[in-house]
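What follows is calculated from the coordinates using simple rules that are stated; it is not laboratory data. Please read all numbers here as calculations on a predicted model, not as lab measurements. Neighbour counts run over all protein chains shown; Cβ positions are idealised from the backbone, glycine included.
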Amino acid sequence: MAERVFRDRAEAGRLLAEAVAERLGPQPAAPLVLALPRGGVPVGFEVAGRLGAPLDVYLVRKLGVPGQPELAMGALASGGVVAMNEEVVSRLGIPRAAIEQVAEAEGRELARREQAYRGGRPPPELEGRTAVLVDDGLATGATMRAAVESVRRRKPARLVVAVPTAPFSTCQELAGQADDVVVLTTPEPFYAVGCSYEDFSPTTDDEVRELLDRASQKHFTRA
């Protein structure tokens, strides 16, 4: 797959939206687009608009290795689902007490974001629906694996992972968990998600809320 660089998350979302629409084909009902905050929301907004689908967030927090927070040892998703990278835990000899401490802290942040983004709204009903999980890109895929496992428990009819950029190996791993994986570019070697963007500025909480509000007010209809 040819490598490409996106101008920003909005452009990546528009291109991804076309690929997802083509892959899904005709649907008896609009799918549900679940974006991983924060960076996945601008991408998911474009996908939801193209599909005429509701947009919501699906909360996942990376569990960083103590002292090396950028290195994922696992992830925590809505509903209390924890997906661990046992290879990292074993290789670094991370004690369970340290894992629990990190998970507790990230659980508090997950709850804060759930309230900040969704307020008192209940999570969407997924059973029997097509769910499209969207992020701005994947590296190890730890957070997306946790999201997939969590969504699976809610019994969607079909579960699709859609991202603009990811390593090919990560896509292969996720293909064994999701019903379909849609990705636009798989750079080799893969350095970081941000390398696939000209503008990879952080998405703020306010931007997430604004996009969710716009999506709900826009009443997306099929293109």
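Quick notes
- Look at the dipole of the chain built from charges on Cβ: of T204, G194, G67, the Cα furthest out on the positive end belongs to T204.
- For segment 139-210, the set of chymotrypsin sites (Phe, Trp or Tyr not before Pro) satisfying both a DSSP loop assignment and a count of at most 16 other C-beta atoms within 10 Å is given as Y191.
- Rounded to the nearest 20 debye, dipole of the chain from Cβ charges on Lys, Arg, Asp, Glu: 660
- For segment 114-134 versus segment 184-214, the gap between their alpha-carbon centres in whole angstrom: 21
- Segment 62-117, relative contact order [Cα under 8 Å, separation at least 6], %: 30
- For the chain, the longest principal axis of the alpha carbon atoms and the long axis of helix 40-51 meet at an angle near 30°.
- Within a Gaussian network of the chain (alpha carbon springs, distance under 10 Å), most fluctuating of L55, L63, L184: L184
- Virtual paramagnetic centre 7 Å along Cα→Cβ of L92, amide N under 16 Å, in segment 29-69: 61-69
- Counting only the Cα atoms, segment 62-117 fills a convex hull of 73 Å³ per residue.
- Charge dipole (debye, nearest 20) of segment 170-210; +1 at Cβ of Lys and Arg, -1 at Cβ of Asp and Glu: 180
- Degrees separating the helix 96-118 axis from the principal Cα axis of the chain, which is the longest one: 30
- Once the Kirkwood radius over Cα pairs is known for the chain, the Stokes-Einstein relation at 20 °C and 1.002 mPa s delivers a diffusion coefficient of 122 µm²/s.
- Among 11-17, 128-134, the peptide with the highest mean count of other Cβ atoms within 10 Å heads the list, and the full ranking is 128-134, 11-17.
- G74 long-range amide H proximity, modeled H, under 5 Å: L63, N85
- Close amide H partners of L138, meaning residues 5 or more places away or on another chain with modelled amide H under 5 Å apart, are T165, A166.
- Projected label distance in nm at T204 and D179, using a 7 Å step from Cα toward the beta-carbon: 3.8
- Two-decimal Rg/Rh across segment 130-223, once Rg and the Kirkwood Rh are taken from alpha-carbon atoms: 1.00
- Taking the longest Cα principal axis of the chain as reference, the axis of helix 205-218 is set at about 30 degrees.
- Normalised by the number of residues in segment 1-132, the average gap of Cα pairs under 8 Å and 6 or more apart makes the relative contact order 23 percent.
- Remark: segment 67-83, residue by residue, has Karplus-estimated 3J(HN,Hα) of x, 9, x, 6, 8, 7, 9, x, 7, 10, 10, 3, x, x, 6, 10, 10 Hz, where x stands for each Gly or Pro and the curve is 6.51 cos²θ - 1.76 cosθ + 1.60 at θ = phi - 60°.
- Cα gyration tensor, segment 1-65 - rounded (a/c under 1.5), prolate or oblate: oblate
- 222 nm mean residue ellipticity, helices alone, for the chain (DSSP H n ≥ 4; -39,500 (n - 2.57); rounded to 500): -13000 deg cm²/dmol
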